[in-house]
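Student: Sending over a structure as structure tokens; questions will come in a sec.
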Amino acid sequence: MKKAALSEVKDDLSRFLRLAEKEELLITRHGKPAGVLIGFESEDDWFDYRLEHDPRFVARIEAARASLRAGRGTKLKAVGGRETHGR
């Protein structure tokens, strides 16, 4: 993760936003972490970010994973899907 001082970011925000599209940018204040700048290359990236950080969505994923670990899942093959190998 790249980092930059807050004073630099304030002076040239658009340049740092372009950099943040590729990699999160740690913003420091007096040499200490103060925040993170995250850029998005597309609107889809923004929607994905919002979904991935939505507490309701995260809770549903965690519940689904716990259910699978407890053996309460159904294999795709059992519901009419077909397995594909090597794809």
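Rule-based calculations on the coordinates, nothing more; no lab input. Since the structure is predicted, the reported quantities are computational estimates derived from the model, not experimental observations. In this analysis, Cβ positions are derived from the backbone assuming ideal geometry, glycine residues included, and neighbour counts consider all displayed protein chains.
Student: Between Rg and the Kirkwood Rh of the chain, both from Cα atoms, what is the Rg to Rh ratio?
Tutor: Details: Rg = 20.2 Å, Rh = 16.6 Å.
Expressed as Rg/Rh, it is 1.22.
Student: Which far-off residues, 5 or more places away or on another chain, put their amide H under 5 Å from the one on residue 5, with H placed in the peptide plane?
Tutor: Amide H neighbours of residue 5, under 5 Å, 5+ apart: 28.
Student: Okay, next question. Treating the angle as unsigned and between 0 and 90°, give the value, to the nearest 10°, between the Cα long axis of helix 43-52 and the longest Cα principal axis of the chain.
Tutor: Here the helix axis deviates by roughly 70 degrees.
Student: Sequence neighbours fewer than 8 away in the same chain don't count; with that in mind, list the lysines whose C-alpha is under 20 Å from residue 22.
Tutor: List returned: 2, 3, 10.
Student: Okay, moving on. Provide the per-residue ³J(HN,Hα) series for segment 6-14, in order, calculated from phi with Karplus coefficients 6.51, -1.76, 1.60 and θ = phi - 60°, each as a whole number of Hz, with x at glycine and proline positions.
Tutor: 3, 4, 5, 5, 4, 6, 8, 4, 4
Student: Taking the Cα centre of the chain as the origin, how large is its charge dipole in debye, to the nearest 20, when only Lys and Arg (+1) and Asp and Glu (-1) carry charge on their Cβ atoms?
Tutor: Taking the Cα centre of the chain as origin, the dipole is about 660 debye.
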